[in-house]
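Read through the structure below, which is laid out as structure tokens, and then see the notes.
Read-outs throughout are calculated quantities, based only on the coordinates presented, and are distinct from any laboratory measurement. Keep in mind that what you see is a predicted model, and the values were worked out from it rather than measured. Because the Cβ atoms are built from the backbone with ideal geometry, glycine has one as well, and the counts that use them run over all protein chains shown.
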Amino acid sequence: MSKIAVIGGGIIGVATAYELAKLGEDVILFEKNYFGSGSTFRCASGIRAQFTDEANVRLMKYAVERWERLEDELGFDINFRQTGYLFLATSEEEIEAFKANIRLQNRFGVPTRLIDMDEAKEIVPILNPEPFLAGTWNPRDGKANPFKTLFAYLFRAREMGVDAREHTEVIGFEREGDEITAVRYRSRGKAESVKVDAVLNATNAWAPTINEMAGLKRGIVPIKVYKHQLVKTELLEKGQAEPLVCPPSWNDAYIIQDGEDGGIICGAGIEHEARGLNDVEPTYDFLRGVLRYAVMMAPPLKYAHVIRQWAGFYAKTPDRNPAIGKLLEDFYISAGFSGHGFMMAPAVAQAMAELIARGRSKVPIDWEWYDPYRFERGELHTSAFQIG
Ligand SMILES: Cc1cc2nc3c(=O)[nH]c(=O)nc-3n(C[C@H](O)[C@H](O)[C@H](O)COP(=O)(O)OP(=O)(O)OC[C@H]3O[C@@H](n4cnc5c(N)ncnc54)[C@H](O)[C@@H]3O)c2cc1C
């Protein structure tokens, strides 16, 4: 049994700690704030296999299969529901691109199909079909509750012996030669250290700082942090906009009905590079911009009150695909998830845990695609479509 330190108590760190414990490893999990306080508790809850490249389609097909069984496996209600994703086209060229995406997704067993606007309106009763020509629809995509999911993983991880510590910040490493031998951390003002055999950097937006602590160049995984916001309306009758609905050509604007209370969550690609890692102040330009798109998409929203607005981080690599893999002997990274970290977590956590504990994984993950050293080599991939 090895002693493995997981740094970062978001969905990626917590789920990976759980998977490592399942494999019999001795895990210590560090979160500097409270669990979920990074991007995870701010996310829009969406889960989809409708990606536009083979690596992400295959990974997310597997992830959705894990999501389908997760509630049984963890033994908690996580409110995973397959309410679908509906992407909407506004031009003939976009329909052709959608058809190519559907062919790719179907090739790997994802049952996406092209639908007309009559069917789209049946699926989303408050939709205004006028501006759109057709949609791509995958009924197996869906959503889950980020709070319940993280706590379900955390509860089971602790039950299996994971030493999960919040308000405990990693501040450095001890090394012998090139090898990391211990993690230094601070809790309640006191600095201590613990001997470890391997370390996973799962700090997403904060990952470059942890890489630097490990003696790597800060820019080896060049993550830029963007403020991404959401607005939520008062509660509406359920069934009005259950899928995530998105016309990509409208600045990636989207709406999705909250799976718990029926409020409509509205997002868009109106974002700014964050001014720092405390910059989570919501902005008025986002509120105005996102509501314009939301009302054009679903006119009844004109009459719905906004009850909440919040901001979090999209931690983006230059090709918007995460960095997942080994950076040094016994130092691993799983970070830079843009708008996909929540949905990918069950698959990525399993893959990373198996890589650390066994040196290989059963998950259909294309390690080269997500290789953390690809930026240094200048081998960027086609940009993963970034929204949730
Ligand atoms: C508004 C919004 C909407 C989104 N919608 C979706 C969606 O619909 N679907 C989807 O899949 N994704 C979505 N995302 C993206 C998703 O939230 C993230 O990709 C995911 O939560 C990343 O999880 P993580 O565990 O990697 O990072 P985080 O949740 O950010 O966790 C990293 C943790 O590391 C901790 N940390 C940092 N430094 C240290 C240190 N030195 N010591 C100890 N701990 C440290 C931080 O405190 C933080 O809690 C959305 C994001 C936002 C902001």
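Highest mean first, what order results for 71-79, 132-140 on Cβ atoms within 10 Å? Walk me through the numbers on the way to the answer.
Details: 71-79: 15.0, 132-140: 20.8.
Highest mean packing first, the order is 132-140, 71-79.
Pulled fully out, how much extra length does the chain show between Glu212 and Gln309, if you take 0.36 nm times their separation in residues and subtract their Cα-Cα distance? Write down the numbers at each step before the final one.
On the way: separation 97, 0.36 × 97 = 34.92 nm, distance 3.36 nm.
That pair, Glu212 and Gln309, stretches by 31.6 nm at full extension.
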Max mean-square fluctuation residue, GNM over the chain, Cα-Cα springs under 10 Å, options Glu92, Glu234, Glu166: Glu92
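Which GluC sites (Glu not before Pro) in region 279-388 sit in a loop by DSSP (not H, G, I, E or B) and have at most 12 other Cβ atoms within 10 Å of their own Cβ? Present the calculation step by step, with values, prior to reporting the outcome.
Values: sites: Glu329, Glu354, Glu368, Glu376, Glu379; in loops: Glu329, Glu379.
Within region 279-388, the qualifying GluC sites (Glu not before Pro) (loop, at most 12 other Cβ atoms within 10 Å) are Glu329, Glu379.
Roughly how compact is region 60-145, stated as its Cα Rg over 2.2 N^0.38 Å to two decimals?
Numbers: Rg = 14.8 Å, N = 86, 2.2 N^0.38 = 12.0 Å.
So region 60-145 has a normalised radius of gyration of 1.24.
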Debye equation applied to the C-alpha atoms of region 321-379, log10 I(q)/I(0) at 0.13, 0.16, 0.19 Å⁻¹: -0.30, -0.46, -0.66
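With each run of n ≥ 4 DSSP H residues scored as -39500 (n - 2.57), what mean residue ellipticity at 222 nm is computed for the chain after dividing by its residue count and rounding to the nearest 500 deg cm²/dmol?
Working: 10 runs with 117 residues, N = 388.
Counting only the DSSP helices, I get -9500 deg cm²/dmol.
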Eligible aspartates and glutamates near Lys190 by straight Cα distance, threshold 12 Å, same-chain separation 8 or greater: Glu169
³J(HN,Hα) computed for each position of region 13-25 - Karplus, 6.51 cos²θ - 1.76 cosθ + 1.60, integer Hz, glycine/proline x: x, 5, 5, 6, 4, 4, 5, 5, 5, 4, 8, x, 7
Fluctuation leader among Gly262, Gly46, Gly312 - the chain, Gaussian network, Cα springs under 10 angstrom: Gly262
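Given the convex hull over the Cα atoms of the chain, what projected area results after averaging over all orientations, in nm²?
Values: hull surface 72.7 nm².
Spelled out: convex hull of the Cα atoms, projected over all directions, averaged, 18.2 nm².
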Under 5 Å, built H, 5+ apart or other chain: amide partners of Ala268: Gln229, Tyr254
Cα-based shape type of region 1-53, given that a ≥ b ≥ c are square roots of the gyration tensor eigenvalues and the cut on a/c is 1.5: oblate
Backbone HN-Hα couplings from phi across region 263-269 [Karplus 6.51/-1.76/1.60, Hz, Gly and Pro as x]: x, 9, 8, 10, x, 6, x
Those lysines that a straight Cα-Cα span of less than 23 Å connects to Lys148, excepting residues fewer than 8 apart in one chain: Lys22, Lys32, Lys61, Lys232, Lys238
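Rank-order 14-20, 108-114 by packing density, defined as the average count of other C-beta atoms within 10 Å over each peptide's residues, highest first.
Details: 14-20: 29.7, 108-114: 16.4.
Ranking the peptides 14-20, 108-114 by packing returns 14-20, 108-114.
Based on Cβ point charges of +1 for Lys and Arg and -1 for Asp and Glu, what charge dipole magnitude is obtained for region 228-326 about its Cα centre, in debye rounded to the nearest 20?
On the way: 10 positive and 13 negative charges, 36 e Å.
Here the size comes out at about 180 debye.
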Gaussian network model of the chain, Cα within-10 Å springs - most flexible of Leu200, Leu29, Leu235: Leu235
